[in-house]
Structure formats: structure tokens, C-alpha cells
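First up is the structure itself, then whatever we jot down about it.
Just so you know, all these numbers are worked out from the coordinates, no wet-lab data involved. These numbers come from a predicted model, not from an experiment. Glycine also receives a Cβ, built like all others from the backbone with ideal geometry; neighbour counts cover every protein chain displayed.
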Amino acid sequence: MQFSKGFIRQVVEATNLVDLISEHGITLKRAGTNYKGLCPFHAEKTPSFNVNPLRGFFHCFGCSTSGDAIKFLTQYDRLSFMEAVEELAKRASIPLEIVAGSSRPTNPDEDRGLRCLREAASFYRENLAVDEGASAKEYLRERMVPENMQEHFQLGGSPDEWQGAMNRLQQKKIAVPDLLSTGLIKVSEKSGRHYDTFRGRLMFPIRDTRGRCIGFGARSMKPEDKPKYLNSPETSYYQKSQVLYGLFEGLSSIRKLRRLIFVEGYLDVIRLHENGFEDAVAPCGTALTQDHLKIVRRYADTVILLFDGDTAGKNAALKHANLLLPHALESFIVTLPEGDDPDTFLLKHGKARFEELLEQKVPALDYLVQQTIKKYPDSIQGRMQGLEELLPALNEINDPKRRQLSLLAIGERMKIPAEILARELKRKTNKYLSNKDNNATLQRLPTSSKVSQDEQWLLQSLLRKGKLWPLVREHLDPQEFQTPQFHQLYAKLLQLPDAAFQAFDPLKLELSDPELFQSVMLLLTEEIPSHDFGLSLRRIKERNLDNNFQQWLLNSTSNEDRAQAGLKRRKEEEKLKNIKQIFDNILTL
């Protein structure tokens, strides 16, 4: 099926983009007529993600991702264009208007992959009921997993054969490239032959929030098969840091309770769901990450983390308490008796005792303070040492009010006198933030993007070609550098007189500014590739002009404003051509 342009426009205009993005766990704050927040499409600590609610448009000045509500869903939820339109229409209660006689335009690669995974899950499920799945079936019986839970989570068994799943799926007209792209088969490095990724294992389908199978977790049935748990490799469908097992199965309860209980294993999730705790989820073969917390903020306000009572469990609890602290969530830690996991605890003690255990939950902040205090003597000096250890995590809290309240709460729990807290916390926090923001020393050269390479090449050329400096001062400002280290380095270099660059001697900086000396020497000792200085300068300025233009558009509230923005951009582009010509002429002299 297909939708008309008019219908698509109607759906987009009916969508409150700020609400849509906020519902996905992204915190937006008003900034004039726009809203700002941390970008959901790349890691950042300073908000560069802007939303214009009047125009229904978003743009990130950090990674340059931009678009409307449909683009947001296709990027963030990985929906196809048509699925995004349907989702927005459903959200706005707009009946679908399908163009008569049309066929649905689809992404063939995505559809083939999802079909491949769906057929694989069906095959593994069927296989559990026959002789080939006997060992997995027996394991589930021993672990007392009831049939209704096996059905609810679509558990299955993979045949203990090298090409059992591959042969079956090929009979379904599924091609080898699709099996490879979904991680269901691999290629032998020795023979070049294809073989099943999962052989002789209990299979746990991993589903996205729309219920589509996107990957698998698999437990070995033989002691000699390592590792015990094996997950699908990273694919375009499955990124383990962005998936929570049990989220789809418990979505209805999670939305009602606005709570998530985090456990470690697949069987822990299933046991909790069996006992009515349908808000239980687990990371898939990895520790809890910042990406997971983005999912959490979308569905929950409260998080409870369950850990084993042994040393490894306590260490994990401490690590996760640090991870949770910067986030505006009600977060708690629950420690199980040593030797128990959630699955065994429920089997031994039942639902009522487990509910009592949840009532004993400790706020993550209190847990963090308690465990930190234990490391140091019970004295003012010892407490201040503990406080200094906590500062890095506290300074990750972006909201100043929340950060200050957390600091005061910690001071109260650690019994630090108010006058000492007020004096020492201000001094130490300012020192920490100053070091974090103003350290200009290059430990290594950033090479992860074309942007940082252009900035690096430009600085290297300037240090070797002193005749460029007078003009560079006139046409290039420090804030035009996107790489923080290069920004700080260029700002420091601008403090030197032009004469210092005519025959630049970095050794003169060794005593006067050791940090600047280290950064300059790192640049000068790196080989410069053959490149066009003017081109690097133009690319940096074009990038900044594009970001400025997007900001002008975001601030536009009328057609006249947008026309003015376009005119301003054309004038700046003309200036840019003249600047490049000036530098090109100097370099040919």
C-alpha cells in the first residue's frame, strides 16, 4: 500500500514533535522558541540537539542529523518509512488513507532479514517439540520452566548439526546472504564453507518493541560447548547495547507501572514474569550501558537492579550505582542472599518473600555512599577522601539543581559538617570542571573523522608556514574548531605574536608553557599528508556555515525569516569563496 503526499503531510502536521521525542526518553528543555537536549543519535555531554516545534523539525549541531517526525522514527526506532507513517497516524488517531491499487514500497534488505529471523525463530520453536530438541526440552523441565512461559517467550532448540538451520531455511527460499546478514550462519576460515552459528542450544528469541525477532540468545546443552551463553553477532537488526530482553513481553505492565526490574539472565526474566513481575528485563549478553538507560527513560521512572550477594555482585552493584547517579530516575539496588539468583530465590522462597526482598531496596545514591565510606577511616579526612571519589560521578549530573541536591544529600549521609561541605565542595568541583573543560594538552591526535583531520592538517600547516598566520588570525576564530583539544590549542597559539611563527621554534615553549609545548610537538612530529590547505579551511567553514544556517532555520517563524536566512547564507558563501582565493594566492607565492 501507499499513502498520498497530502495524507503524509497531515500526519506529520498532527504530530507534536517535542512530545514524540520526549516520549522516547529524551529530555528536552525550552530554549527560546525551540527546545534543546542531548542528541539521541551520538554520544555527547553538552546539548546540541535542537527541536523547532512550530516547523516540526529537529537538527543536531554535533552530528548534523536532522528531519521531521517520520525521519526521527526511521532513525531512532529503525522503522521503515511506511511503518513510521502508520505509527504517527495511529498516535494521532487519524484513519489510514491508502492510495487505491498501490503496493507498499519497502526496504527489501530489511524485509528479507526480518523474514529470515522470523522463520528461524519458528523453526527453532518447532524443533523443540521433536527428538532433535530433546536435550533443550529436558533442560527446561529440570529448570521448571512451565509450558505457558516457553510459549510466551517462544523458546526453541537448535539442531546439533553444522547446517541444520541453514538447510531448513534455504528450503523456505531464504538466500545465504540473508542468513549471513542476520548472523544465523558463519563462514569457516579453513574450508570457506557456511555453518550454523547456533548448534545444539536452547534458543531465546530476542524481540524488539514491535515484537519482531531481531536476534537470539543461546545456551549450550553440552558442558564442552563454550561459551555457555552465545548471542547473535551485531547486525543492522541487533545491537546488544540497545536491546532489553523481556521488554516486549512485559510492555503492557511496564507502561502501567513505569518501572523496570533489571536482572542478569534470560531465565531470571522468565521466572519473574511467571510470578507476576512482568516488568523484569535483562541486558543481552552485556553490562548495562548508557544506551540501555535511554530505553529506560522512555518507559520507566523507577529502576530496581538485582545483584548476587557475592563479591562480583557487590562490585557490579557499585559500578551500576555510579552509572545511574547522573540520570533523573528513582534508582534502587537489591542484593540477593549469597548463592542465589532471582530464578533460584523465587523457586526456593516464592513470590511473597521476593516482594519482601524488593521492599528492602536501597536507593542507588545511599548504596554508593555506603560502599564508598567503607573504604576509608571514620574521620573527617576519611570522609573527604570518599567525597573526592564520588565527585566525578556527581559532576556528570547535568541539571545544576539536581547536582547540588545530590551533593548536599551525600554530605548529610557522610556526616560532613555544613561549613566544610560548602567550602571544600565548591573548591573541588570547580577544580574538577576547570580541568575537564580547559585541558589543552593533546595526548594523541584525533583521527576518527574528516572534521578532526581537516582541523589537524590546518594547524600543522600553520606551524610550518608562518606567512599564513596574519591572515588566519583575521579569518578563523577558535570557536570554529569542533575538536575541543584543537579549539583550546588554537586559542593558545593566537596569544603568540605573528613574529613567533616566521621561524617557529617550539623549544622556546618548553619552559614557558609545557602543555602547549607537548601539543605542538605532537603535531609537528606527525607526518603531514599531501593536502590542500585552502580546501581544509573551506570544509571547516562550510560545516560551521551549515550549522549556523540550520540554527537560523530553527529560529525562523515565518517565510520571510526563512528567506532572510537563505539570503544570509548566500552572502556568507560568497565571502567563503573570496577567503579561499586569498589563501590559495598566498600559497602559490
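With an 8 Å cut-off on Cα pairs and a minimum separation of 6 or more residues, tell me the relative contact order of region 108-233 in percent. Write out the running numbers ahead of the final one.
Details: 192 pairs, mean separation 31.8, N = 126.
Value for region 108-233: 25 percent.
List every residue whose amide H lies under 5 Å from the amide H of R201, counting only residues 5 or more places away in sequence or on a different chain, with H placed 1.01 Å from N in the peptide plane.
Placed amide hydrogens put S158 under 5 Å from R201.
Ranking W162, W469 by Cβ neighbours within 10 Å, fewest first, what do you get?
Numbers: W162 15, W469 21.
Ranked by crowding around the Cβ, least crowded first: W162, W469.
Output the pairs from K173/K222; K256/K351; K351/K374; K36/K361 with a Cα-Cα distance over 29 Å in this structure; if there are none, say none. It would help to have the intermediate numbers written out before the result.
Numbers: K173/K222 31 Å; K256/K351 20 Å; K351/K374 33 Å; K36/K361 34 Å.
Result: K173/K222; K351/K374; K36/K361 exceed 29 Å.
Counting other beta carbons within 10 Å of each Cβ, put S461, S158, S253, S379 in order, fewest first.
Ordered by Cβ neighbours within 10 Å, fewest first: S379, S253, S461, S158.
For region 186-194, take each phi angle, set θ = phi - 60°, evaluate the Karplus expression 6.51 cos²θ - 1.76 cosθ + 1.60, and give the result in whole Hz per residue in order, putting x for glycine and proline.
10, 10, 5, 5, 7, 9, x, 7, 8
For region 108-233, go through all pairs of different Cα atoms, get the mean of 1/r, take its inverse, and jot down that Kirkwood value in Å. Walk me through the numbers on the way to the answer.
On the way: mean 1/r = 0.0681 Å⁻¹.
Here the Kirkwood hydrodynamic radius works out to 14.7 Å.
What GluC sites (Glu not before Pro) does region 316-385 have in DSSP loop regions with at most 16 other beta carbons within 10 Å? Show your work: numbers first, answer last.
Values: sites: E330, E338, E355, E356, E359; in loops: E338.
Taking region 316-385 and a limit of 16 other Cβ atoms within 10 Å, the loop GluC sites (Glu not before Pro) found are E338.
What order do you get for I579, I185 when you list them from fewest to most C-beta neighbours inside 10 Å? List each step's numbers first, then the result.
Details: I579 18, I185 21.
Taking fewest neighbouring Cβ atoms as first place, the list is I579, I185.
In the neighborhood of L553, defined by Cβ-to-Cβ distances under 10 Å, what is the net charge if each Lys or Arg adds +1 and each Asp or Glu adds -1? Let's see the in-between values first.
Details: positive: R55, R562, R569; negative: D561.
With Lys, Arg at +1 and Asp, Glu at -1, the net is +2.
Cα gyration tensor of region 129-174, axes a ≥ b ≥ c as square roots of the eigenvalues: rounded (a/c below 1.5), prolate (a/b > b/c) or oblate?
Values: a/c = 3.69, a/b = 1.85, b/c = 1.99.
It comes out oblate by the Cα gyration axes.
Quick one: 3J(HN,Hα) in Hz for region 469-486, Karplus 6.51/-1.76/1.60 with θ = phi - 60°, rounded, Gly and Pro as x.
4, x, 6, 4, 4, 6, 10, 9, 9, x, 5, 7, 8, 7, 6, x, 5, 5
Counting helices only, and only those DSSP H runs with n ≥ 4, report the 222 nm mean residue ellipticity of the chain as the sum of -39,500 (n - 2.57) divided by its residues, in deg cm²/dmol to the nearest 500.
Taking each H run of at least 4 residues, the total per residue is -16000 deg cm²/dmol.
From the backbone phi of region 339-354, what are the Karplus-calculated ³J(HN,Hα) couplings (6.51 cos²θ - 1.76 cosθ + 1.60, θ = phi - 60°) in whole Hz, Gly and Pro given as x?
x, 10, 10, x, 4, 5, 5, 5, 5, 6, 10, x, 5, 4, 5, 5
Can you give me the angle between helix 290-299 and the longest principal axis of the chain, using Cα atoms only, in degrees from 0 to 90, rounded to the nearest 10?
It works out to around 70 degrees.
Quick one: which residues, 5+ away or cross-chain, put their amide H under 5 Å from the amide H of A31? H built at 1.01 Å from N.
Result for A31 returns K36.
What angle do you read, to the nearest 10 degrees and between 0 and 90, between the alpha-carbon axis of helix 400-413 and the longest principal axis of the chain?
Roughly 60 degrees between the two axes.
Does region 5-91 classify as rounded, prolate or oblate by the C-alpha gyration tensor (a ≥ b ≥ c root eigenvalues; a/c under 1.5 gives rounded; else a/b over b/c gives prolate, otherwise oblate)? Write down the numbers at each step before the final one.
On the way: a/c = 2.05, a/b = 1.54, b/c = 1.33.
Because a/c hits 1.5 or more and a/b exceeds b/c, region 5-91 counts as prolate.
Give, in whole angstrom and from largest to smallest, the semi-axes √(5λ) of the equivalent ellipsoid of the chain, with λ running over the eigenvalues of the Cα gyration tensor.
Values for the chain, descending: 47, 35, 26 Å.
Angle check, please: helix 418-438 long axis (alpha carbons) against the longest principal axis of the chain (alpha carbons), in degrees 0 to 90, nearest 10.
Between helix and principal axis, roughly 70 degrees.
Quick one: which residues, 5+ away or cross-chain, put their amide H under 5 Å from the amide H of A280? H built at 1.01 Å from N.
Close amide H contacts, sequence-distant or interchain: I261.
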